[in-house]
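Visitor: Dropping the structure in here first, questions after.
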Amino acid sequence: MNSLRLIFVTAICMSVISCSDPYVSDELLPRPGTTTEPGGETPPVDPPAVDFPEHPRLLMLKGEEETVKTYLSDEFWQKTNDYVVATAGRFITQDLLKDKADGVKRLDAAQKAVRKLSHLAYSYRMTGENKYLEAAEKEMLNLCDFKDWNPSHFLDDAEMTFAVSLAFDWCHDGLSEETRDIIGKAIVDKGLMPSMNGKYNGFLNASTNWNEVCNAGMLYGAIAAFEYNPEVAQQIIDRSATSLKSAMERIYRPDGAYPEGSAYWDYGSGYSVMAIAALEKLFNDDRGLSAIPGFLKSASYALNSIGTVRRFNYSDGGDGGVLSNVRPQMFWFAGKLNDFSVLWEEKKCISKAKGDKYLGNNLAPLALVIGGGVSLDQINVPSQLMYRYGGSNPVCMMRSSWEDANGGYLAMKLGKADINHGHMDVGSFVMEANGQRWASDLGTPSDYSKLESLGDIWEMSQDSFRWKEFRYNNYSHNTLTVNGKLHAVDAMATFKNSSAQEDFMNAVSDLTPLFGGDVESSLRGVALVDKKYALVQDEVKAPANKNATVKWTMAVEVDKVEISSDGKSVKLSRGKKPEVLNVHLCTSRDGIKWEKWNVINEHSLKLYRAASMISFEAEVQAGSSETFRVYLVPDGVDYDDSSAKPLSNWPKD
């Protein structure tokens, strides 16, 4: 490879806009060297001195195919390679992508382009067969013929730029000069240049998945098409690294919990890893991105967010299905950490999958390039059963075992609602046992278009339309509601303490800010007791001058709900056998009984599965305190309320 000489630009010209895009955080911070107004053009800077290598220059340099081929002696990687090539073969006969919008978005077409072109380009590199080259060339020219790549919804532009840039770079030696010029100029004109306009580049100041995805797309475009506009390309390389670093420092601190939830971690961190891997490969310098506090630790968060049955799908986490696709970035994390236990869920996914389903990730071919060589035999069992993470959306997860598919899993989230993709789910928990999820999160659809047609679901004020949607507000979550009110949208709840003591793994939180002046205090503790059953304990004190009506709710997706004659217990049944969970309410108050009600709301779209809510309501007298203990106990297991303790006496680490 030619030597690289790079003078990094220290004053980066960026636009700061008042971001109205619903998917971009409105947490906009000043950027270094800001000189433009919203909608303005970024002024040029003097081009740096650069001696760029010839193509290919993204991730897998010329001749490095041979390194990847050495991984194929391992059965898993051979199957992965064979699957990618077989998928590319199917793409050859499929129609070209259409410039079709879904509302304001063309994200579906952009993501299909990532999948199609990454598979075709990889297969061309690995086999040298022209049929993959020709199919990739046709699709790239087709995409370059689109009117634009939809910069008004910049995720579309970014993923399209990523897709075309990767394929352009990897197929470069097989393309004619004329074709190279068409594609290279389109990457600049349709991909990079819109990002220089303040009308579209609000992602630069966001601390969300948008920043990670969009900056990665622009970085790939700038590297792939560098020779077609070196000045702009160099600005974007420096700008992307700077902007990405600023966002990642806010997203991942202090220990890796992703504010938007684990599903968005898959998306955002996947592209951050691709950006870092590209910088490392080309410049041997990732600009300090992998050393950002919390980033490498986020692999642990991603691992622990998946229970024995489903994900902990808080916020806009979809339906919380179990991991169904191997995540390429996890192999990169394992190598960086020299800890292959973070691949435990990937290993389970592979072992359970039928056929090739575990490689549905759009970036599946890149797993071989950035993470190949890891043998499944190296993947050891994770050592810890409980993890607690801080940040803007703190979470804790605990389980009875990593290896027992019928083991217990209990997780709770705190934080606040007015965060990107946030819900009023603060204090909410999920619980699994005996291969079933008993305490559920109802989730949200991954396609927001239908919800968006009802109203503005991206405005986060206290009275916004977003909170009228049942699945976004606290009435649908496994938390408390006081006096029938919505949670305070900007209230931040945090952990007070926790313990990983294996006979009483627990975390205690302070929910008081959620309820304004309607409570004097509200503490919630969750515990996995003896690795057998769960306890949720709430201690609520009413203000001195008024009563507080407290409602406790839990979403269930079961076949049968039976409330005992005294109203103190609920029997949940699911499956043909069936599996059973008993829910017991323990309190000193008389007259408090469980109720069941159906999930019905005029704004709610169809749920993924039939769901009900179980709840009880109690009035706490002015100046008084009440304790409510709810035990979630698998059938055949005994629980002991006689040894119950106040939250202040729960074990602490």
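Visitor: Can you work out the PRE-style zone for Thr67? Point 7 Å along Cα to Cβ, and I want the residues of the range 309-344 with backbone N under 11 Å.
Guide: none
Visitor: Starting from the residue with the highest accessible area, list Lys190, Lys245, Lys485, Lys100 in decreasing order, probe 1.4 Å.
Guide: So, going from the largest accessible area down, we get Lys100, Lys485, Lys245, Lys190.
Visitor: Now for a different question. Taking H placed 1.01 Å from N in the peptide plane, check which residues at least 5 places from Thr549 or on another chain put their amide H under 5 Å from its amide H.
Guide: Placed amide hydrogens put Asn483, Val620 under 5 Å from Thr549.
Visitor: Under the classification rounded if a/c is under 1.5, otherwise prolate if a/b is larger than b/c and oblate if not, where does the chain fall, given a ≥ b ≥ c as square roots of the Cα gyration tensor eigenvalues?
Guide: Because a/c hits 1.5 or more and a/b exceeds b/c, the chain counts as prolate.
Visitor: Let me ask something additional. For Glu139, Glu178, Glu66, give me the order by solvent-accessible area with a 1.4 Å probe, most accessible first, ignoring ligands, DNA and RNA.
Guide: Glu178, Glu66, Glu139
Visitor: Give me the percent of the accessible area of the range 267-326 that comes from carbon and sulfur atoms, probe 1.4 Å, all protein chains in place.
Guide: 51
Visitor: Follow-up question, since we're still on this one. Based on Cβ point charges of +1 for Lys and Arg and -1 for Asp and Glu, what charge dipole magnitude is obtained for the range 357-466 about its Cα centre, in debye rounded to the nearest 20?
Guide: About 220 debye.
Visitor: Might you tell me the accessible area per residue for the chain, computed with a 1.4 Å probe and given in Å²?
Guide: 37
Visitor: Another question about this same structure. What part of the accessible area of the range 115-255, given as a whole %, is carbon or sulfur when the probe is 1.4 angstrom?
Guide: 44
Visitor: Just want the answer: with Cβ charges of +1 for Lys and Arg and -1 for Asp and Glu, which residue in Asn547, Gly575, Ser648 is farthest toward the dipole's positive end in the range 524-653?
Guide: Selected residue: Gly575.
Visitor: If you don't mind, there's one more thing I want to ask. Carbon and sulfur together cover what percent of the accessible area of the range 426-498 at a 1.4 Å probe radius?
Guide: 50
Visitor: So for the pair Gln78, Gln384, with labels modelled 7 Å out along Cα→Cβ, what separation do we get in nm?
Guide: In this crude spin-label approximation the distance works out to 3.8 nm.
Visitor: Another question about this same structure. DSSP H helices in the chain with Cα extent of 18 Å or more along the helix axis and mean Kyte-Doolittle hydropathy at least -1.0?
Guide: For the chain, where a helix must reach 18 Å along its axis and average at least -1.0, the hits are 75-92, 107-127, 130-144, 154-170, 209-224, 230-252, 262-283.
Visitor: Report, in debye and to the nearest 20, how large the dipole of the chain comes out about its Cα centre when Lys and Arg carry +1 and Asp and Glu carry -1 on their Cβ.
Guide: It works out to roughly 1320 debye.
Visitor: Let's test the formula: R0 of 30 Å, r as the Cβ-Cβ distance of Asp404 and Ser615. What FRET efficiency results, to the nearest 0.05?
Guide: After rounding, the FRET efficiency stands at 0.45.
Visitor: Determine the calculated [θ] at 222 nm for the chain from helices alone, applying -39500 (n - 2.57) to every DSSP H run no shorter than 4 residues and normalising by the residue count; nearest 500 deg cm²/dmol.
Guide: Estimated from H runs of four or more residues: -9000 deg cm²/dmol.
Visitor: For the chain, build the charge dipole from Cβ charges (+1 Lys, Arg; -1 Asp, Glu) around the Cα centre, then report which of Ile236, Ala263, Met431 sits farthest towards its positive end.
Guide: Working it through, the farthest residue towards the positive pole turns out to be Met431.
Visitor: Points 7 angstrom from Cα along the Cβ direction at Ala86 and Ala544: gap in nanometres?
Guide: 7.3
Visitor: With just the Cα atoms defining each centre, how far is the range 216-288 from the range 440-459? Give it in Å.
Guide: The distance from the Cα centre of the range 216-288 to that of the range 440-459 comes to 28 Å.
Visitor: Also, quick follow-up: Label-point separation (nm) for Asp99 and Lys199, each offset 7 Å from Cα along Cα-to-Cβ?
Guide: Modelled inter-label distance: 1.7 nm.
Visitor: On to the next question. With +1 on the Cβ of every Lys and Arg and -1 on the Cβ of every Asp and Glu, and nothing else charged, how large is the dipole of the range 195-313 about its Cα centre, in debye rounded to the nearest 20?
Guide: The dipole magnitude comes to about 360 debye.
The values are calculated or read from the model by the stated rules, or taken from the named source; none is laboratory data. Keep in mind the model is a prediction, meaning the values are calculated, not measured. Glycine also receives a Cβ, built like all others from the backbone with ideal geometry; neighbour counts cover every protein chain displayed. Side chains are part of the model used for accessible areas, which takes the heavy atoms of the whole protein and leaves out ligands, DNA and RNA. Shrake-Rupley method; radii C 1.70, N 1.55, O 1.52, S 1.80 Å.
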